[in-house]
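Here the structure is laid out as structure tokens; the discussion comes afterwards.
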Amino acid sequence: MSDKSKVTIEIHFDLISPWCFIGKRHFDAARVRFAQKYPGATVESIWHPVQLLPEVPEQGLPFAQFYERRLGSPQAVRQRRQQIELAASRAGLELDMAAIQRMPNTTRALDLLRQVAALGEPALYEALLERLFAAYFQRGEDIGDAPTLRRLAEEVGVASDQLGDAKLDYARNAPAESAVPGVPHFVFNGRLSLSGAHDAAILFEAMSQGVQVPIAPGRVCA
């Protein structure tokens, strides 16, 4: 691959998915490795919010009860939490799932991300995205709450006057349904795709081959 090549990666995600936070951490590592190997190449990351659970009420739901109903038993919840925390640790993340009190509706948070995306500052967008993930999965903050979202945006340098509304509108920009099979979902140069929180080595391989030849069929998702 020429050092002058460009790789465009589209990432579909939702903020309530721990696998998306884990996948982002692996992706961050893959980008660092890619930049070291191809210092003249350009990487463009395009983030696409997907709302997994639009049926969650505006005020959210109690997190523990929600997952017990969803998975069927407290034992299943414990097993899932252990699975997530192990995968997170392998990605260099420390999550605190026990701190989460609310399963939020993500409409407001995704609206905030769209407003920041419109500012045309990718680094600012990714800083906010990281902050939102950390607020939810590491600090147990309610990312469905408008004042909380505004505070988190200000913490990463989004000035209040950069956001168009006096408050984030719950219904104005409800996310459309996505055609991707699940999140996180990565698309490389519009033709190679991977679903799931794959480790950095696989994402690096996809980035490297994305401007050359298709990757192995077993690693490609439609």
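Considering only residues of segment 146-176 that are surrounded by fewer than 16 Cβ atoms within 10 Å (Cβ to Cβ) and closer than 29 Å to LEU93 by Cα, which is modelled with the lowest pLDDT?
ALA159
Quick check on segment 101-115. Is at least one of its residues within 15 Å of PRO49 (Cβ to Cβ), of a type in the set (Lys, Arg) and surrounded by 12 or more Cβ atoms within 10 Å (Cβ to Cβ)?
Yes, that holds for at least one residue.
In segment 66-78, is there at least one residue being open to solvent by 20 Å² or more (accessible area, probe 1.4 Å) and either closer than 29 Å to GLN209 by Cβ or among the aromatic types (Phe, Trp, Tyr) (or both)?
Yes, segment 66-78 contains a residue that is open to solvent by 20 Å² or more (accessible area, probe 1.4 Å) and either closer than 29 Å to GLN209 by Cβ or among the aromatic types (Phe, Trp, Tyr) (or both).
Could you list all residues from segment 1-31 that are open to solvent by 10 Å² or more (accessible area, probe 1.4 Å) and either modelled with pLDDT under 95 or more than 15 Å from the chain's Cα centre (by Cα) (or both)?
Passing the criteria: MET1, SER2, ASP3, LYS4, SER5, LYS6, THR8, ARG31.
Report, ordered by the first and then the second residue, all pairs with beta carbons closer than 6 Å, sequence separation of six or more or different chains, a first member in segment 105-117 that is under 10 Å from ALA146 (Cα atoms), and a second member that is of a type in the set (Val, Ile, Thr) and outside any helix (DSSP H, G or I).
ALA109/ILE143
The values are calculated or read from the model by the stated rules, or taken from the named source; none is laboratory data. Owing to the predicted nature of the structure, the values given are computational and were not obtained by experimental measurement. Reconstructed Cβ throughout: ideal geometry from the backbone, glycine too, with neighbour counts over all protein chains shown. The protein model used for the area step is the full one, side chains on, heavy atoms only, and it has no ligands, DNA or RNA in it. Shrake-Rupley method; radii C 1.70, N 1.55, O 1.52, S 1.80 Å.
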